[in-house]
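The values are calculated or read from the model by the stated rules, or taken from the named source; none is laboratory data. The structure displayed is predicted, hence computed values, not measured ones. Positions of Cβ are backbone-derived with ideal geometry, glycine not excepted, and every protein chain shown enters the neighbour counts.
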Amino acid sequence: MKSSLALPIDMQKRPLIHRRFWNSDPRRRFTSNTLAMVSLCWLFAVLAAVIVGPWFSVDPNVADVTARLKPPGADFILGTDQLGRDMLARVLAGGRVSLLVAVMATAVSLTIGVFLGVVSGYRGGFLDDAITRVFDVLLSFPTLLLGIIVMAAFGGSLFTVIAATSIATVPMVGRLARAGTIGIRPREYIQGVIALGIPTSRILLRHVLPNIIVPVLVLSTGNMGRLALAEAGLSYVGAGIQPPDASWGNMIAEGQPYLQYAWWVPVIPGTVLTLVTLAFSFVGDGLRDAFDVRELVVQGDGT
Amino acid sequence: MEPDRLAFEDVTITYTPRTRPVAAVRHVTLAVEVGRTLGIVGESGSGKSTIGLAAIRLLPAGTQVMGRITLGDTDVLRLPEQEMRAIRGRRIGMVFQDSLAALNPVFSIHSQFVQTIRQHHPGMGRSEASRQAGEMLEELDIPRDRLHSFPHELSGGMRQRIMIATALAPGPSFLIADESTSDLDTISQRRILDLLLRVQKSRGLGLIVVSHDLGVIHHVSEQVAVLYRGDLVEFGPTREVLANPRHEYTKGLVRVSRKQRTESGLLYTLPSRASADPARPVVP
Amino acid sequence: MSAAPDRAMAQEPAPLLRVENIVKRYRRSGAQREDFFALRGIDLTVNHGEVLALVGGSGSGKSTLGRIMVRLIDPTAGRIWFKGADVTRIRGAALRAYRRQVGVVFQNPYSSLNPRMTVGDALAEPLSVWNVVPRGEIAAEVARLLESVALPAHYAARLPHALSGGERQRVAIARALSTRPQFLVADEAVSSLDVSAAAEIINLIITRRAELGFTVLFVTHDLSVAKVLADRVAIMHRGEIVEEGPPDRIFAAPAHEYTRLLLGSHLALPSEPLVDTRTQ
């Protein structure tokens, strides 16, 4: 942020904000929420594993027909699949894809959704009506169906998976951002800066955005699990990441026939996916509960 | 027997925020009888609202109340919560400042009001409750055509009337009005206060009016308690106290309320908080 | 200060802002409801250098009129003239430039400052947007602004929630005056404050005005505030101005029934007559 004050006030401010966050009640409430904290640690562990892991594991796409469907054990920690590929390496590689999709789609939908939501909520009128209608239409499609349509049109690749899942999430983010903006638009602190002749772009960036972003971020965190799931869903039905590249979704799909006698092939990616999705939800819920009372917005000092 | 006196004896109330305990009210002793009116005046942070909330035990959890608050012979502070419910609302009614927050936005005035009456008179039929509701709303000059409105459709003054009617529905002997007219304009404020006085007389209520406005206090209350940062600095007959204030703070408050000017032509003001005693933290 | 003798000496008052036949209509949804007229054809002139008190009850349209004057709300019909120029329909850069010349202070001190912006940043923003002072002097100017409203300089690092209602209102005034406007609308600026904090804010307006010489529209429901501050009073009721004149005349001999009702409803301490008995 380009601050107008590159001066003493600014220098005092940075550590202050950091300390304020650490001393704030939402932070306290969140860290005392065991489920959310365990989930957060698990997510960080998974994230670290999928980032670092593939450098140390074998090539996930190298098949070894002599070592097909080996159960988890000393040679292969998580066993091997129907083509004799190392499951651990594939889970890690697939996780990269799933989490990359979740993170990228969240970033994309946040950027686009917040922009559209804030602008339409602030401007109102025809633009607002138009954007709201588009959101309504997009929301009326199930995420998976929307994804399949996009994949059918543009083909399956990492990029299109991200695009498809983002499109489904933009309206959720956008609606929340719009609602927040409409809620604070008539507030006197917004009217006050309008009355000072501050340019609209600056009002949106410095006055509206910081005051509506918390619930949006909370929603997006909870949504990341759903995005990972959506990627898996698309890959599962064959519209997402294409084999031989690994993704938790296509691993489950490919492993499904072997459920009876080599359970680990579909169950391991399925379990990891479930745990990651749940963890995102728990963290999201924890954040929601922690921020529910808007601590930084003090209501008044009634006696 | 109906209790006829609400008394605070040496009441000290301490909030315990994360950092350190803060005394909101210190050693306050005052009382109001049925049929009488008491005004509690003070600025924000004086603890004036805390006293009213303590009487119906609605202070936030973790608040410590020492001393005695008695309703007739009953020590309110020592009652189990179960028995407190028979007092809160039924013996001591409360009207707050923010009527929009206190009324349920999704029900009409009428249905909320009937609900309140039936809650306090179990076994009463709907039509009987509805009839009583009509009577009470009439008593408070609420036009019948407003009955089926929703809270947000009414003016602030009208909502305050509804709040008063709701508080009176269970037939309390005492009513606490906490800044209940502060958000209203001059004319509605006057009307609501006069209405409160009328009901107080006709029902023989003990009325406690909490306000920061000496004009309001002077208009409604026979006795006044002046609170300054949790201390009761003066308590006595309103006319006497305001005509001959003894404590420096009361003197200042009277001068400020009269909009007296200093030699420089500016309005008289009280010493600001910043320069006041730092050992006395302001109640949050 | 609003001393009456000055006014007697002053020549023909020069209009600073004038509204002509301002109508504000709100469309009502629902079947049989007709539209609601917040303002029904208001004509009002605010003269250079005066304090005009706009007094009325809630729903009288007084705040709407104040906001229309600074173009926060668009009127349904009518015209706004500022220093001889029609500003009713200006947009974009011209509108922003107009807003720089006018300031607003609102009623609720708890919602009038961005809760996530420090006092210093809030004050610095208009300074840097309008280049009121060179970039390097902004911090010093922020300190000066704080000082001008009797707040210590270290408040610059604070967030609004660490301030009392009166202190926030001071910050709001300092900010509204930071662009050195010629016209200030104070919209119920003291109504939510304790009596002493309100008196401090009124004093602040008196002293800042003596120094900077801006014109004030003081929107209030409280006649006693109008009495101590105003050179001229306009009484509003149901979207119309029912009476207009010098405070002494209005308080001593109210012409309109509504004004009489207002005066009669005012709750005062015994020796605080509303009719001006100020001793010199």
Go through segment A:36-62 and give me each residue that's surrounded by 13 or more Cβ atoms within 10 Å (Cβ to Cβ) and closer than 21 Å to residue A:246 by Cα. A:43, A:46, A:47, A:49, A:50, A:51, A:53, A:54, A:57, A:58, A:60, A:61
Going through segment A:227-277 in order, the residues found to be outside any loop (DSSP other than H, G, I, E, B), surrounded by fewer than 24 Cβ atoms within 10 Å (Cβ to Cβ) and aromatic (Phe, Trp, Tyr) are A:236, A:258, A:264
Filtering segment C:104-132 down to residues that are surrounded by 24 or more Cβ atoms within 10 Å (Cβ to Cβ), at pLDDT 90 or above and more than 7 Å from chain A (Cβ to nearest Cβ) yields C:105, C:119, C:122, C:123
Would you point out which residue out of C:199, C:186 is within 10 Å of chain B (Cβ to nearest Cβ), buried (at least 23 other Cβ atoms within 10 Å of the Cβ) and within 30 Å of residue C:127 (Cβ to Cβ)? C:199
Right, residue A:135: among the aromatic types (Phe, Trp, Tyr), at negative phi and either more than 22 Å from the chain's Cα centre (by Cα) or outside any helix (DSSP H, G or I) (or both) or not? no
Could you tell me which of the residues A:210, A:186 is without any contact (Cβ under 8 Å) to a residue 12 or more places away in the chain and within 21 Å of residue A:287 (Cα to Cα)? A:210
Looking at residue B:209 and the list (1) in contact (Cβ under 8 Å) with a residue 60 or more places away in the chain; (2) more than 14 Å from chain C (Cβ to nearest Cβ); (3) buried (at least 22 other Cβ atoms within 10 Å of the Cβ); (4) under 30 Å from residue B:114 (Cα atoms), which single condition is not satisfied? (2)
So the check is Cβ under 8 Å with 6+ separation or different chains; which pairs have a first residue in segment B:169-196 that's more than 10 Å from every other protein chain (Cβ to nearest Cβ) and touching a residue at least 60 places away in the same chain (Cβ under 8 Å) and a second one that's surrounded by fewer than 23 Cβ atoms within 10 Å (Cβ to Cβ) and acidic (Asp, Glu)? B:173/B:2; B:173/B:4
One residue is enough: does segment B:159-169 have a residue meeting the conditions in contact with a helix residue (DSSP H, G or I) (Cβ under 9 Å, 6 or more places away or on another chain) and outside any helix (DSSP H, G or I)? yes
Scanning segment B:191-217 for residues that are assigned to a helix (DSSP H, G or I), among the β-branched types (Val, Ile, Thr) and within 13 Å of the chain's Cα centre (by Cα), the one nearest to residue C:261 (Cα to Cα) turns out to be B:216
Looking at residue C:192 and the list (1) in contact with a helix residue (DSSP H, G or I) (Cβ under 7 Å, 6 or more places away or on another chain); (2) more than 12 Å from every other protein chain (Cβ to nearest Cβ); (3) surrounded by 19 or more Cβ atoms within 10 Å (Cβ to Cβ), which single condition is not satisfied? (2)
(1) closer than 30 Å to residue B:242 by Cα; (2) modelled with pLDDT under 90; (3) not β-branched (Val, Ile, Thr): which one isn't true of residue B:61, the others all being true? (1)
Considering segment C:147-172 alone, what residues qualify as being away from every other protein chain (no Cβ under 11 Å) and in contact with a Lys or Arg (Cβ under 9 Å, 6 or more places away or on another chain)? C:148, C:149
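Are any residues in segment A:42-85 part of a helix (DSSP H, G or I) and either touching a residue at least 24 places away in the same chain (Cβ under 8 Å) or charged (D, E, K, R) (or both), and if so, which ones?
Passing the criteria: A:42, A:43, A:46, A:47, A:49, A:50, A:51, A:53, A:54.
Conditions (1) part of a strand (DSSP E or B); (2) under 21 Å from residue B:16 (Cα atoms), marked per residue:
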| residue | (1), (2) |
| --- | --- |
| B:29 | yes, no |
| B:35 | no, no |
| B:39 | yes, no |
| B:52 | no, yes |
| B:59 | no, yes |
| B:65 | yes, yes |
| B:77 | no, yes |
With respect to residue B:37, determine if the residue is β-branched (Val, Ile, Thr), at pLDDT below 85 and over 12 Å from residue B:54 (Cβ atoms). no
Residue check for residue C:246: away from chain B (no Cβ under 13 Å), more than 23 Å from residue C:125 (Cα to Cα) and out of contact with any Leu (no Cβ under 9 Å at 6 or more places or on another chain): yes
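Residue-wise test of (1) exposed (fewer than 15 other Cβ atoms within 10 Å of the Cβ); (2) at pLDDT 85 or above; (3) more than 9 Å from chain C (Cβ to nearest Cβ); (4) over 27 Å from residue B:50 (Cα atoms).
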{"residue": "B:250", "(1), (2), (3), (4)": "no, yes, yes, no"}
{"residue": "B:254", "(1), (2), (3), (4)": "no, yes, no, no"}
{"residue": "B:257", "(1), (2), (3), (4)": "no, yes, no, no"}
{"residue": "B:267", "(1), (2), (3), (4)": "no, yes, no, yes"}
I'd like to check something: does segment A:163-186 contain any residue that is in contact with a Leu (Cβ under 6 Å, 6 or more places away or on another chain), among the polar types (S, T, N, Q) and buried (at least 20 other Cβ atoms within 10 Å of the Cβ)? yes
Going through segment C:141-162 one residue at a time, which ones are surrounded by 13 or more Cβ atoms within 10 Å (Cβ to Cβ) and farther than 24 Å from residue C:108 by Cβ? C:141, C:143, C:144, C:153, C:154
